[in-house]
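Below: the structure, in structure tokens.
A short reminder: the numbers here are calculations on the coordinates, not readings from a lab. Since we're looking at a predicted model, the values are computed, not measured. Cβ placement follows ideal geometry from the backbone for every residue including glycine, while neighbour counts extend to all protein chains displayed.
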Amino acid sequence: MTVSPRPPSAFAIAATLATLLAPMQATAPPIPATAPSFIATVQLPEEGHAVSVNTLTGLGYVGMTDDLGVFGLDSYQVLNSIPLYAEGGYAIMPVAVNACANQLYTGSKVVNLATNAVASLPAGGDDIAINEQTNTIYFGRHSIYQNRPDVVNVVDGATNRKVATIEMGYSYYFQRVWVAVNPATNLVYASYSGDNHLHVIDGASNTETTKVPIPYIGRVALNPATNRIYVVSGTKTVVLDGNTLAELGQIANFSSYLLVNPLTNRIYSLNIDLKVADGATNQVVTTLNLPGGASGPALDPLRGRIYLAGAYAGWRDKLMVIQDVPAPPNATLTCPTVWRVYLPVVLKGSQ
């Protein structure tokens, strides 16, 4: 069973707005003779835990022990550090950049990347997904107390106020809630280890519409260009049709962190190895050993680069850069021009 690409949506609309925007087009780097390949190792001033990138500004960010490190996506140099916690001893993860708003979110704080101003959030979580088309941030949060719900917190990026909380369930043990969002359909997907289901949430109403059982569920990712959903299930990844939620196939021995490049239709899993799968066939096409393991990786879809912090002893203060196949030379990423003006009023009312 195959899936046809959805009709023109967020990506197609963005393309038609190109003359009204200032889209960034990265120069496609040369593909290494063997892709993917390590191309740089960056020494960090502290242990790194999670990475995010802003393709539009050419800057990357790594959550470290106490500070947020800033590095160049092309220079591979640490340029600056932004203090987040004065008390010390924190491990800053996750981190996620809203490239269009030039803001970065951690599990409990938001950073204005233009000014480096830091503010606390009224709600956060352990995993983050951002819909840049609606400027809405989704946090998967597990409860640290018994008889308290595990939830998805919804934050309006224009005000950084919480606008909704969607309960996943209750558990006597620590569970996880991972999140992903499709900007083309405005659907949010939350994989919940407490009930081994993939929960589907309507981003317009912030209500759950359905759920799909997935045994031994783990992280979730998606490709908005093909509307395919990738859900870790034990040691494999299950591929779902975003229209019908029917299973389209599985990728064997493909788990832990998931990354998807919608511009090349390449899917990545990172653990002790980096495995690359072809999104058209659901087959692993190449594998690269990760001697330092992987913690909180991020993907630059235009450059085709993966940035990851080391997870093993001796590698935790290092940032690795891996070059894979870049996007086609004519590929661009653009931002909506209107959500900063009307979205908080039209979609979120007076909240």
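The lysine pair count for the chain, using Cα distances under 24 Å and pairs eight or more places apart or on different chains, is 8.
Set the Cα radius of gyration of the chain against 2.2 N^0.38 Å, with N its number of residues, and you get 0.93. For the options Ser52, Ser233, Ser75, a Gaussian network treatment of the chain with springs between C-alpha atoms closer than 10 Å singles out Ser75 as fluctuating the most. Taking every alpha-carbon pair within region 168-211, the share separated by more than 16 Å comes to 36 percent. Among Glu167, Glu247, the ranking by other beta carbons within 10 Å of each residue's beta carbon, starting with the fewest, stands as Glu167, Glu247. Projecting the Cα atoms of Ala252, Asn223, Ile39 onto the charge dipole of region 39-346 (Cβ charges, centred on the Cα centre) puts Asn223 farthest toward the positive pole.
When each of Ile137, Ile214 is scored by the number of other beta-carbon atoms lying within 10 Å, the sequence from fewest to most is Ile214, Ile137. Temperature 20 °C, viscosity 1.002 mPa s: under these conditions the Stokes-Einstein estimate for region 134-179, based on its Kirkwood radius over C-alpha pairs, is 194 µm² per second. Estimated at 0.36 nm per residue, the fully extended path between Ala117 and Ser75 surpasses their Cα-Cα distance by 12.7 nm. Take every Cα pair under 8 Å whose residues are at least 6 apart in sequence, average their separation, divide by the length of region 228-341, and the relative contact order is 15 percent. What the Cβ-Cβ distance of Phe38 and Tyr172 gives, at R0 = 35 Å and to the nearest 0.05, is a FRET efficiency of 0.25.
Cβ crowding within 10 Å ranks Leu319, Leu263, Leu248, Leu308 as Leu248, Leu263, Leu319, Leu308, fewest other Cβ atoms first.
The label point for Glu208 and the one for Asp241, both projected 7 Å from the Cα toward the Cβ, are 2.5 nm apart. For Thr286 and Asn330, the FRET efficiency from 1/(1 + (r/R0)^6), where r spans their Cβ atoms and R0 equals 35 Å, is about 0.90. Per residue, the Cα convex hull of region 133-258 amounts to 102 Å³.
In the chain, the calculated helix contribution to ellipticity at 222 nm averages -1000 deg cm²/dmol per residue, counting -39,500 (n - 2.57) for every DSSP H run with n ≥ 4.
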